[in-house]
Amino acid sequence: MKTDLKNYLFSVMGMNACIFFFLSLLVPNAVTVKLFHLMVCVSIPFSIFSFLTFRYQLFSKHIWIRRAVVIAFSVANILLNSYLFGYLQPTKKHYTIYGIAVLGTMLLLIFTYYLSDKIEKKNLKAINQKLQNNKD
Amino acid sequence: MKITIQENPNIAETQIHIVCAEMTPEIEEIVANIGLIGHTFAGKKDGEIFFIPMKDIFYFESVDGKVFFYTALECYEATARLYKIEETLQNAKFARISKNTIANLSKMKSIKPEENSRLLATLTNGEKIIVSRQYVTEIKKKLGV
């Protein structure tokens with residue numbers, strides 16, 4: 001478990017570093033080390049919670065409930081990071097934009113899960129067919 | 001260590017006798033390696049060493065630094081390490097299905113996902129073992145899918 005968590009956290013930090021790097025290229029004046037520090041401090045607890053949700057089935061044993069929790073955490077992560085960067089303004093235009101971004105993220109994640117389930121089903125079907133043929 | 005070889009054209013089956021003061025890890029490794037050559041695996045049970053044919057083994061499992069292997073009814077402690085067993089079984093119908101388990105694919109009936117997203121393999125003796133998702137590709141390769 002320790003190794004898995006460590007690897008997972010390193011991946012999350014690596015991803016944050018990449019995002020930070022590209023953001024610093026796009027908006028160099030707005031991005032500072034302090035903001036990166038804040039971003040990491042928000043992402044890591046969310047990531048740990050997501051990891052534990054899957055690994056220890058914190059909320060439910062059912063896979064789609066756990067996935068829903070992770071999606072909710074991811075969306076909250078994005079919104080909090082946006083707030084820290086000062087882009088979450090209380091205007092109708094910004095709410096609309098962020099609503100679309102949140103919906104888009106959720107749909108993307110749900111689609112990714114759906115696709116991975118489909119691929120796994122296909123793989124298992126092929127494997128079970130082969131195992132059955134070996135028995136006959 | 002002294003090695004003596006006696007050639008005798010009259011004997012039907014090759015025999016290997018190991019004479020030692022006591023069973024050490026070194027001797028165990030020698031025994032394990034001899035077994036691997038004959039497609040059998042050396043396993044300890046009740047203080048005795050048995051050579052079990054590969055085709056009778058359902059799976060190998062590493063627990064607390066020790067490796068055990070299971071036949072239909074028995075459990076033996078292997079004298080070889082899991083990585084060594086995996087190397088030997090590269091061309092056989094055995095595949096690593098999780099970090100600690102190598103299973104005999106010809107003893108496997110099916111692999112099904114569970115509600116909580118785990119994959120469970122059912123063996124021909126009815127036993128169920130966990131399959132890790134990251135090893136599904138390896139299983140596919142071994143089965144030639």
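What a 1.4 Å probe finds exposed on region B:69-138 is 45% carbon and sulfur by accessible area, rounded to a whole percent. In the protein assembly as shown, the inverse of the mean reciprocal separation of distinct Cα atoms equals 23.3 Å; this is its Kirkwood hydrodynamic radius.
Listed cross-link partners B:K109/B:K141; B:K66/B:K142; A:K125/B:K142; A:K121/B:K140; B:K66/B:K107; B:K44/B:K99 are compared with a 21 Å cut-off, the Cα-Cα value being larger for B:K66/B:K142; B:K66/B:K107; B:K44/B:K99. In order along region B:43-60, the phi-based Karplus estimate (6.51 cos²θ - 1.76 cosθ + 1.60, θ = phi - 60°) of 3J(HN,Hα) comes to x, 9, 8, 6, x, 10, 10, 10, 10, 9, x, 4, 5, 8, 8, 8, 6, 10 Hz; Gly and Pro are listed as x. Take each residue in B:119-131, count the other chain C-beta atoms within 10 Å of its C-beta, and the mean is 1. Counting only protein chain heavy atoms and rolling a 1.4 Å probe, the accessible areas of B:K140, B:K99 rank, largest first, as B:K99, B:K140.
For the protein assembly as shown, a crude dipole built from +1 on the beta carbon of Lys and Arg and -1 on the beta carbon of Asp and Glu, taken about the Cα centre, is about 1740 debye to the nearest 20. Taking the Cα centre of region B:102-145 as origin and assigning +1 to Lys and Arg Cβ atoms and -1 to Asp and Glu Cβ atoms, the resulting dipole is close to 160 debye.
Across region B:4-15, rounded Karplus estimates of 3J(HN,Hα) from the backbone phi angles (6.51 cos²θ - 1.76 cosθ + 1.60, θ = phi - 60°) give 10, 10, 10, 8, 9, x, 8, 7, 7, 10, 5, 10 Hz, Gly and Pro being marked x. The listed residues B:F94, A:F22, A:F49, once ranked by accessible area (1.4 Å probe) with the largest placed first, stand as A:F22, A:F49, B:F94.
Under a 5 Å amide H cut-off, with hydrogens placed 1.01 Å from N, B:F41 pairs with B:I52, B:M54 among residues at least 5 apart or on other chains. Among residues other than A:N128 with Cβ under 10 Å from its Cβ, the summed charge is +4 (Lys and Arg +1, Asp and Glu -1). Taking amide H atoms as placed 1.01 Å from N in the peptide plane, the amide H of B:A78 lies under 5 Å from those of B:K44, B:V67, B:F68, B:F69, each 5 or more residues away in sequence or on another chain. Here's how it looks for B:L119: its modeled amide H is under 5 Å from those of B:E114, B:V131, which are all 5 or more places away or on a different chain.
Shielding of peptide A:120-126 by partners, expressed as the average count of other chain Cβ atoms within 10 Å per residue Cβ, is 4.
Chains A and B: what accessible area do they bury, summed, in square angstrom to the nearest 100, with a 1.4 Å probe? Buried area (both sides, nearest 100 Å²): 1500 Å².
If packing is taken as the average count of other Cβ atoms within 10 Å, what order do B:83-91, A:99-107 fall into, highest mean first?
B:83-91, A:99-107
The values are calculated or read from the model by the stated rules, or taken from the named source; none is laboratory data. This is a predicted model, so every value here is computed, not measured. Ideal geometry is used to build each Cβ from the backbone, glycine not excepted, and the neighbour counts take in all protein chains shown. We work out accessible area using only protein heavy atoms, side chains counted, and drop any ligands, DNA or RNA first. Shrake-Rupley method; radii C 1.70, N 1.55, O 1.52, S 1.80 Å.
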